[in-house]
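Peer 1: Okay, here's the structure, questions in a sec.
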Amino acid sequence: MVNAVILIMTGIVLAGGENSRMGSDKAFLKLDGVTMIERVLLALHTIADQIIVVTNSPQRYGDFDARVVTDKVSKRGPLTGIYSGLVSSKDEYNFIVACDMPFLEHRLISYMTELTGGYDIVVPCMQGRMEPLHAIYSKQLLPVIEKRLQENVQQLQGLFSEARIRQVTEEEIDRFDPKRRSFININTPEEYKEALCLD
């Protein structure tokens, strides 16, 4: 039995990558005429009452229907982005996603919100591998994250070992996203070409 749906949640988009493998800002690449960042924001608007974009290029995101924030600490990495988003959020639970995941399934995200009670992280797991940038995080993790950043540790795996985790199983994922397109992320020109064929 799942817990009551969390009605108020913030969506946090991490848009602070270096784009070194793509060669250009992947958030603004278009699929079917819509940029990847716009596709992510559209999906999040169906499940979140506030959206935050974490980026070190805030001028590029000023025209979107989202609050734009920059990294709160100087250390670069995914944990810094997660920390910056959680610090800026007003809600206890926050769905955090990368800006290069343009095929989000809002029904899966909505289902994940039903699983938050008693957990710090709700994260999909496939073939033994978790998807930390398609997951719900609680602000209760902030002290743990702060400690890890002070120790200059960016790896997410260590954070997960200190958190109460609810893994979303493959069976649960397939109820809402049987093709598992939610977890397609686009980092290279080759992956972009493949995504163009999917849309």
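Peer 1: Which count do you get for residues in the range 62-90 that are farther than 11 Å from G16 by Cα and touching a Ser or Thr at 6+ places or on another chain (Cβ under 6 Å)?
Peer 2: Number of matching residues: 3.
Peer 1: When the range 74-90 is examined, which residues are found to be surrounded by fewer than 18 Cβ atoms within 10 Å (Cβ to Cβ) and in contact (Cβ under 8 Å) with a residue 24 or more places away in the chain?
Peer 2: First, pick out the residues of the range 74-90 that are surrounded by fewer than 18 Cβ atoms within 10 Å (Cβ to Cβ): 74-77, 87, 90.
Result: K75, R76, G77, V87, K90.
Peer 1: Give the residue that is farthest from L86 (Cα to Cα), with candidates limited to residues of the range 140-175 that are surrounded by 12 or more Cβ atoms within 10 Å (Cβ to Cβ) and acidic (D, E).
Peer 2: Looking at residues that are surrounded by 12 or more Cβ atoms within 10 Å (Cβ to Cβ) and acidic (D, E), I get D174.
Peer 1: Let me ask you something else. Mind checking which residues of the range 106-144 are polar (S, T, N, Q) and either out of contact with any strand residue (DSSP E or B) (no Cβ under 7 Å at 6 or more places or on another chain) or assigned to a helix (DSSP H, G or I) (or both)?
Peer 2: Those that are polar (S, T, N, Q) and either out of contact with any strand residue (DSSP E or B) (no Cβ under 7 Å at 6 or more places or on another chain) or assigned to a helix (DSSP H, G or I) (or both): S110, T113, Q127, Q140.
Here is a yes/no grid of residues against (1) of a type in the set (K, R); (2) over 25 Å from R175 (Cβ atoms):
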residue: G81; (1), (2): no, yes
residue: N94; (1), (2): no, no
residue: T113; (1), (2): no, no
residue: M126; (1), (2): no, no
residue: R129; (1), (2): yes, no
residue: L142; (1), (2): no, yes
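Peer 1: Go through the range 67-105 and give me each residue that's among the aliphatic types (A, V, I, L, M), farther than 19 Å from Q140 by Cα, in a loop (DSSP other than H, G, I, E, B) and touching a helix residue (DSSP H, G or I) at 6+ places or on another chain (Cβ under 6 Å). I'd like the intermediate steps shown before the answer.
Peer 2: We begin by selecting, within the range 67-105, every residue among the aliphatic types (A, V, I, L, M); these are 68-69, 73, 79, 82, 86-87, 96-98, 101, 104.
After this cut, where a residue has to be farther than 19 Å from Q140 by Cα as well, the list is 68-69, 98, 101, 104.
Next, only the ones that are in a loop (DSSP other than H, G, I, E, B) stay: 101, 104.
If the condition is that a residue be among the aliphatic types (A, V, I, L, M), farther than 19 Å from Q140 by Cα, in a loop (DSSP other than H, G, I, E, B) and touching a helix residue (DSSP H, G or I) at 6+ places or on another chain (Cβ under 6 Å), then L104 is the only one that fits.
Peer 1: Quick one: in the range 124-133, which of the residues that are surrounded by fewer than 22 Cβ atoms within 10 Å (Cβ to Cβ) and in contact (Cβ under 8 Å) with a residue 24 or more places away in the chain is nearest to P178 (Cα to Cα)?
Peer 2: Residues of the range 124-133 that are surrounded by fewer than 22 Cβ atoms within 10 Å (Cβ to Cβ), as a first pass: 125-133.
Going one step further and asking which of them are in contact (Cβ under 8 Å) with a residue 24 or more places away in the chain, we end up with 125-127, 130-133.
Working: C125: 14, M126: 12, Q127: 15, M130: 17, E131: 16, P132: 19, L133: 19 Å.
My answer is M126.
Peer 1: Still on this model: How many residues are at pLDDT 90 or above and either within 18 Å of S84 (Cα to Cα) or among the β-branched types (V, I, T) (or both) when one looks only at the range 61-70?
Peer 2: 6
Peer 1: Could I ask something else about it? State all residues of the range 176-197 that are loosely packed, with under 12 Cβ neighbours inside 10 Å, of a type outside the set (D, E) and in a helix (DSSP H, G or I); if no residue qualifies, say none.
Peer 2: Matches in the range 176-197: K193, C197.
Peer 1: Just checking, does the range 186-193 include any residue being modelled with pLDDT of 90 or more, touching a Leu at 6+ places or on another chain (Cβ under 8 Å) and either more than 25 Å from F28 (Cβ to Cβ) or of a type in the set (K, R) (or both)?
Peer 2: Residues of the range 186-193 modelled with pLDDT of 90 or more: 186.
The next check asks that each one be touching a Leu at 6+ places or on another chain (Cβ under 8 Å); those that pass are 186.
With either more than 25 Å from F28 (Cβ to Cβ) or of a type in the set (K, R) (or both) added as a condition, the list becomes none.
There is no residue in the range 186-193 that is modelled with pLDDT of 90 or more, touching a Leu at 6+ places or on another chain (Cβ under 8 Å) and either more than 25 Å from F28 (Cβ to Cβ) or of a type in the set (K, R) (or both).
The values are calculated or read from the model by the stated rules, or taken from the named source; none is laboratory data. Quantities reported herein were computed from a predicted structural model and do not represent experimental measurements. Note that we place each Cβ from the backbone using ideal geometry, even for glycine, and neighbour counts take in every protein chain shown.
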